[in-house]
1. Treating the angle as unsigned and between 0 and 90°, give the value, to the nearest 10°, between the Cα long axis of helix 190-200 and the longest Cα principal axis of the chain.
2. How high is the relative contact order of segment 204-304, in percent, with contacts defined as C-alpha pairs under 8 Å that are six or more residues apart?
3. Restricting to DSSP H runs of at least four residues, report the calculated mean residue ellipticity at 222 nm for the chain, -39500 (n - 2.57) per run over all residues, nearest 500 deg cm²/dmol.
4. So what J values fall out for segment 153-168 if you push phi through Karplus, 6.51 cos²θ - 1.76 cosθ + 1.60 with θ = phi - 60°, rounded to Hz, Gly and Pro as x?
5. Could you list Lys79, Lys69 so that the one with the fewest beta carbons within 10 Å of its beta carbon is first and the one with the most is last?
6. Report the percentage of all Cα-Cα pairs in the chain whose separation exceeds 29 Å, rounded to a whole percent.
7. Report the gain in length on full extension from Thr219 to Arg267: 0.36 nm times residue separation, minus Cα-Cα distance, nm rounded to one decimal.
8. At a threshold of 8 angstrom on Cα-Cα distance, excluding pairs fewer than six apart, so keeping six or more, what relative contact order does segment 247-300 reach in percent?
Amino acid sequence: MSTLPAVPQPKKPAPPPGLLVVDKPAGMTSHDVVARVRRIMGTRKVGHAGTLDPMATGVLVLGIERATKLLGHLALDRKTYLATIVLGAATSTDDAEGEPLSEADASGVTDDAIAAGIAGLTGEIAQVPSAVSAVKIDGKRAYARVRAGETVELAARPVTVYRFDLLATRREGARIELDAVVECSSGTYVRALARDLGAGLGVGGHLGALRRTTVGPFTLAAARTLERLEEAPELSYGLDDAVATAFPRRDVDEAAALAVRHGRRLRPAGLSGTYGVFDPAGTALALAVDEGETARSVVVLLPA
């Protein structure tokens, strides 16, 4: 009995390039999210801009196809979080997933003392990252060294906490739970703020929950859950909109557009930092920077 040869299935077309803002669920690593989105979008070309701890939820920015070239240039240096801080217990990871290190009765901590502690952690501060953070020590992540049984001591680093506002206080027996909004610079660890607030109050503290609401110009308003993506695999921003949202804009004429597509330099735009270059049709051609008397393309998005 002869068998018919298998009919090859048509290859799924690659998705268009752009950015995807995902509302990351709790319990998944950022790498888990990337793997899931690769399957949903039907492409291996997916990367993420910054990470979120497995416990945290909220805004995670992903690049799809050619938009992965944008990720290293995005100005995501300002982030906002909704945090729940628990006073009265310190943990090995400075969050609810760690092993208990100490417990204390926090019921005597006054509202004024909490306010003073928060004020002391607002503005430009020196912060020691958590020992299980992703900070690299001699090329190896701190959390990997801790898991390998090493004792890790990290140096303090300057960070900026632009806003640390207390939203609610709940007193539950010997513990206090604080809901707060934190707006901070990239590299700030909110769980380290929880740890340091508790330590300063003499009762220990850790992060109970964390939700990121903004990363640079990207907010939860543009975010999609993975379940919604499964139903409708669509970008949050096409490539042109992504560049226009994330970078200052420079519009050029046809002659300059052709020069950019061939990798040639232009006259400077007078803009600071990295900016997007657009042709007369509104198509994003490149990311560029001014260098003295010329402008240089750092990424050509639509080469000739």
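Rule-based calculations on the coordinates, nothing more; no lab input. The structure displayed is predicted, hence computed values, not measured ones. All Cβ positions, even for glycine, are placed from backbone atoms using ideal geometry, and neighbour counts span all protein chains on display.
1. 20
2. Reported relative contact order: 22 percent.
3. -5500 deg cm²/dmol
4. Listing the rounded values in order: 10, 9, 7, 5, 9, x, 9, 10, 9, 6, 8, 9, 10, 7, 9, 7 Hz.
5. Lys69, Lys79
6. In whole percent, the share of Cα-Cα pairs in the chain beyond 29 Å is 48.
7. Separation in residues times 0.36 nm, less the Cα-Cα distance, equals 13.9 nm.
8. It comes to 37 percent, rounded to a whole number.
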